[in-house]
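Below you'll find the structure, written out as structure tokens, and then a few comments.
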Amino acid sequence: MRAACLALLLALAAPLHAAAGAADWLARIEPALRGLDYQGTLVHVAGGRVETVRLFHRRDGDRERERLVALGGAPREVIRDGRRVMCLGGGEGPLAFEVTAHGGWSPALALSAAGSLTGYRVRLAGSDRVAGHAAQRIDILATDRWRYGYRLWLERRTGLPLRVDLVDERGEAVEQVAFTELAIGRRPRDEDLEPSTAKGLVSVVPIAGQRAGAGAPEWRVPAPPPGFVLRSSRRDDRGLQLLYSDGLASVSVYVERADPALRAASATRQGAVHAQAFQSAGWHVLAIGKVPAGTVAHLARTVRAVDADG
């Protein structure tokens, strides 16, 4: 009897120990990403397209610097110095803007909190090797149909993310980002972190949240999917943008006056990104995000005009 009870206690405790271990691994992501010197080559696979990027990261006391350079296609690069980010290429001209204090520009940072978010469960999933480095695999499982899951490989010594797979409900990767070559502890040179142009940068000021003017209704999704909450609301002269997020996945909902030239309804997909648009009562609604199709459909179809004073 005593042996049977002990076996039962061990069986019940095992998932708790595994969950704690996975959470401990996830907690190492941010210190590694932001505090280490490293450089390497990343490959991004999504929607049948493959993009290769050279990455340089350096920490100088309180100053964090990073540069990503596309190695194929049109010249493109992103340079980050503290909270200031510069984007070059892509046909837009040199741009500069600020990111949040939490470094929200980097999706991998958000994964460190996955174990405490609604709709996700984390577990240890064995050891592997990525880009020549020993790695611990962590599975971040979606517990419902509203979001994708993740497979994450962390370098065993430092906790630095080596590979991230975004996976659907069948466990198939719909997007992959992985280092093919990585030198941890190798300090990038100053010239590796500088933009490749001496042209002046055009500052991009984030659109501040504004109160709706007379006759301009506010919009909300009365019952978003579990875990998704309204993170921001921004208005400009074209319309309104609502950002709903569960802490990892996010969906932008755009509402503007209908243009007769636009299709009344459409649903599209590019890799892991789904979009759905439709027109109703003189308004055009578009929802787009790196989430399953049903999630953008729900947000697009249920957004409603509300009293601006409410």
J(HN,Hα) series, the stretch 37-46, from Karplus relation 6.51 cos²θ - 1.76 cosθ + 1.60, nearest Hz, glycine and proline x:
8, 6, 7, x, 10, 10, 10, 10, 10, 7
So, counting K/R as plus one and D/E as minus one, what does the shell of residues with Cβ under 10 Å around Leu42 add up to?
0
May I ask you to give the solvent-accessible area per residue for the stretch 221-305, in square angstrom, as obtained with a 1.4 angstrom probe?
48
Cα-projected label distance for Leu68 with Leu141, points at 7 Å along beta-carbon direction, nm
3.0
Quick one: net charge of Tyr150's neighbours, Cβ under 14 Å, K/R +1, D/E -1?
0
Apply 1/(1 + (r/R0)^6) to the Cβ-Cβ distance of Glu256 and Ala23, taking R0 = 45 Å, and write down the FRET efficiency to the nearest 0.05.
0.60
Around Arg231, which amide H atoms from residues at least 5 apart in sequence, or from another chain, sit under 5 Å from its own amide H, with H modelled in the peptide plane?
Leu243, Tyr244, Ser245
Once Arg80, Arg49 are ranked on solvent-accessible area with the largest value leading and a 1.4 Å probe, the list reads Arg49, Arg80
Check Leu160: other-chain or 5+ apart residues with amide H under 5 Å from its amide H, H built from backbone geometry?
Glu155
Once the whole set of protein chains is in place, how much accessible area is left on Glu256, using a 1.4 Å probe, in Å² to the nearest 10?
60
If I compute solvent accessible area with a 1.4 Å probe over the protein chains, what percent of it on the stretch 225-280 is carbon and sulfur?
47
Ignoring ligands and nucleic acids, what accessible area does Asp168 show with a 1.4 Å probe (Å², nearest 10)?
20
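The values are calculated or read from the model by the stated rules, or taken from the named source; none is laboratory data. Please read all numbers here as calculations on a predicted model, not as lab measurements. No Cβ is skipped: glycine too gets one built from the backbone with ideal geometry, and neighbour counts run over all protein chains shown. The area values use the complete protein model at the heavy-atom level, side chains included, leaving out ligands, DNA and RNA. Shrake-Rupley method; radii C 1.70, N 1.55, O 1.52, S 1.80 Å.
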